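Structure first, then comments.
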Amino acid sequence: MNNSEKLQHIAEHLLSKRKCGSGASDLPKGFTLDSIEDVLVIHKLMIKLNDETVYGWKCMLPSSNGVITLAPLLHKPIKGTDTCLVNSENRKALIEPEIAFVLNKDLSGLKPYSNEQIDNAIGSAHLALELIGNRFSKKYEATQFEKLADGLSNQGVYIGPEISQEKAYESNNITLVVEQEGKKSANVTGQHPGKLPQRPLYWAINFLSANGFKLEKNQVFITGSYNGLMEMEINKQIQITYDGLGKIHVKFET
């Protein structure tokens, strides 16, 4: 089996685990991923297998040692519904509180974009929750490349109320207050891992463009959590207040 055939097999395997919502993403014995180039090929293959559809990207700034955090959103975002279906672990919904940016136009690939051009391509900013679900089995030690190829545990994005782009761009720190069935369960102030939420957006747009990915109107970009991973109760009314920005009201169901 040559490398192209191997990557095609891995892409089909990983996408099948996303679509069925069960089973482990553990790579079959003898299959490995050795480079970010292989990961990007797999992302392109998964998008092709997903009816040529990518709904957006999760991204963060590369780490100081060059590790890249980038993965396609292959499930349609859930927009402002009262309930949100999740694949839960131990009757908990795993979420990350973020800000989402939505493109208002297509951006042609293979060219660099200035920050101002990217700002003008943002149609709206929203409070958002990344829905998290680990697809590797507990006994399997996935490499960073395998985690990247599998989407970094993303199982979807919940899009909350729209906020002003100006306020979004100023949101270095956000105080988050979580209430579950009216009882306060968390009150924390978190800092964006990229210092400001638009900084990973600028990097991701140019990285994706340079690597031949389509950047299209209505794609959603989430750029990092303000409080890491948070556990929410299933089947309870939840309110998450982003101080000074707005509130998300939702009930997670399985």
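What to note about this one:
- Computed over the Cα atoms of the chain, the ratio of the radius of gyration to the Kirkwood radius (Rg/Rh) comes to 0.96.
- For the chain, calculated [θ]222 nm from helices alone, where every DSSP H run of n ≥ 4 adds -39500 (n - 2.57): -7000 deg cm²/dmol
- Note on surface exposure: Thr83, Thr175, Thr189 rank Thr189, Thr83, Thr175 by accessible area, highest first, 1.4 Å probe.
- Legend: distances between Cα atoms for Lys139/Lys184; Lys92/Lys147; Lys76/Lys138; Lys139/Lys195; Lys76/Lys111; pairs beyond 30 Å are Lys139/Lys184; Lys139/Lys195.
- When you restrict to C-alpha pairs under 8 Å that are six or more residues apart and normalise by the size of the chain, the relative contact order lands at 26 percent.
- Ser171, Ser137, reordered so the largest accessible area comes first (probe 1.4 Å): Ser137, Ser171
- Taken over the stretch 1-102, the percentage of Cα pairs per 5 Å bin, counting from 0 up to the bin with the maximum distance, is 2, 9, 17, 21, 21, 17, 9, 3, 1, 0.
- Cα-based equivalent ellipsoid of the stretch 168-228: semi-axis lengths in Å, sorted from largest, via gyration tensor: 30, 14, 8
- Each part reduced to its alpha carbon centroid, the stretch 190-254 and the stretch 1-74 end up 20 Å apart.
- Alpha-carbon radius of gyration plus Dmax, which is the widest Cα pair, for the stretch 198-254 in Å: 16.0, 44
- Shown here: the stretch 80-178, whose C-alpha atoms stretch 46, 37, 25 Å along the first, second and third principal axes, sorted largest to smallest.
- Rounded to 5, the percent of DSSP beta bridges in the chain classed as antiparallel: 85
- Calculated SAXS-style log₁₀ I(q)/I(0) at q = 0.19, 0.23 Å⁻¹ - the stretch 117-242, Debye, Cα scatterers: -1.27, -1.51
- The order of Glu5, Glu141, Glu216, Glu166 by accessible area, most exposed first and with a 1.4 Å probe, is Glu141, Glu166, Glu5, Glu216.
The values are calculated or read from the model by the stated rules, or taken from the named source; none is laboratory data. Note that the coordinates shown come from a computational prediction; the quantities given were computed from them, not determined experimentally. Note: accessible area is taken over every heavy atom of the protein model, side chains too, but ligands, DNA and RNA are not part of it. Shrake-Rupley method; radii C 1.70, N 1.55, O 1.52, S 1.80 Å.
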